[in-house]
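Asks: After the C-alpha cells below, expect a handful of questions from me.
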C-alpha cells in the first residue's frame, strides 16, 4: 500500500513524495523485522520429526496432557481453531448435544451438561467410568486419584449417583430406564432370573457360589449379572450333552455332599457347569476340565 501511494504521487509535489517515500521505507524495515522474527521463531524441521511410537504415546496420553498444567487454555483454543470447522448445538433436557465438524470431513457428537458445577474433566471421567463401573467402583477410583466433590468431600456411592443424576449421565448399572446404558454386558438379577427360569434368590445363591459372575456394591444395592452368549448356552438348557458329563445329583449321592458343595468344588477345579433338560426340569451337570480324569 505504501509503495502504491508513492508511485501514484505527482513527482512535482516533492514534499508529499518525500513523506510517502519515508513511509514506504519504514514499512520495508518493519517487513524485514517481521521476517527475521518469524525465521527466529520458526521450528527446526528436523525437530518436528516424530516416530510412530512417539505418535502412539502422544495419543495414549492425550487426555492427561490436555487437562494438565503444560497446555494452557489459550493453547487449547488455538489448537481447536486449527481442527474444528463447525459446531452445531441442540438442547436436550439437561444436556446440550454438540455436533462437531472437523476439518477433513469427520464428525463427532458430544453431550455437555447445561449446568456443570465441577471441572469438565471430572464430568467426562465419571461419564466414561459409568459405562463399565458401578457407583461404588467409581467412588473408589475418584478417591484413589485424589479427586473430591465440588464441596471438597470424598466420593461415596451416593454422591456419585447424585452427580450422575444431576448431569443425566447414563450408566450400565442403574435401574433408571431413561439413564441405563445399553450393551454393557450386565443385566439385573431379575432379568437373569427370567432368562434362566428361576427365582431371584436362586440367582443370588449362584452368584455367591461363583456359578454366575457379576457385580454387587453390597447392602440393598442391585445385583448385576455378567451375561454372555457362552454362559447362556451352558445354563439355559440348550447345550448338547457330552458323554463325559456327570450329574451333580449323582456326585452328591456318591460323595455324601450337598449340591452347593459340589458346585463350589467344581469351580475350584475349573470344571464346566451346565444345566441340561431332563424331562420337564433342568438339572446341573459337570463337564471335566481339559486333561482332567473322568468325574465319578
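Asks: For segment 252-262, give me each residue that is at pLDDT 90 or above and surrounded by 16 or more Cβ atoms within 10 Å (Cβ to Cβ).
Replies: Answer for segment 252-262, where residues must be at pLDDT 90 or above and surrounded by 16 or more Cβ atoms within 10 Å (Cβ to Cβ): just 252.
Asks: Follow-up question, since we're still on this one. Taking residue 277 as meeting all but one of (1) without any contact (Cβ under 8 Å) to a residue 24 or more places away in the chain; (2) over 26 Å from residue 137 (Cα atoms), write down the number of the exception.
Replies: The number of the failed condition is (1).
Asks: Within the group 200, 144, which residue is over 30 Å from residue 238 (Cα atoms), surrounded by fewer than 18 Cβ atoms within 10 Å (Cβ to Cβ) and either touching a helix residue (DSSP H, G or I) at 6+ places or on another chain (Cβ under 9 Å) or modelled with pLDDT of 90 or more (or both)?
Replies: 144
Asks: Restricting attention to segment 269-280, does a residue exist that is under 17 Å from residue 193 (Cα atoms), over 35 Å from the mean Cα position of the chain (by Cα) and loosely packed, with under 13 Cβ neighbours inside 10 Å?
Replies: no
Asks: Could you grab me the full set of residues in segment 65-91 that are loosely packed, with under 11 Cβ neighbours inside 10 Å and under 22 Å from the mean Cα position of the chain (by Cα)?
Replies: 68
Asks: Same structure, new question: Every residue in segment 233-268 that is more than 16 Å from residue 196 (Cβ to Cβ), touching a strand residue (DSSP E or B) at 6+ places or on another chain (Cβ under 7 Å) and part of a loop (DSSP other than H, G, I, E, B), please.
Replies: Correct list: 241, 242, 244, 245.
Asks: I'd like the full set of residues that are in a helix (DSSP H, G or I) and either surrounded by fewer than 16 Cβ atoms within 10 Å (Cβ to Cβ) or outside the structural domain of residue 146 (by TED's automatic domain parsing) (or both), limited to segment 94-123.
Replies: Residues satisfying the conditions are 120, 121.
The values are calculated or read from the model by the stated rules, or taken from the named source; none is laboratory data. Treat the numbers as computed from the prediction; the structure is a model and nothing was measured. Neighbour counts are summed over all protein chains in view; Cβ atoms, including those assigned to glycine, are modelled from backbone coordinates with ideal geometry.
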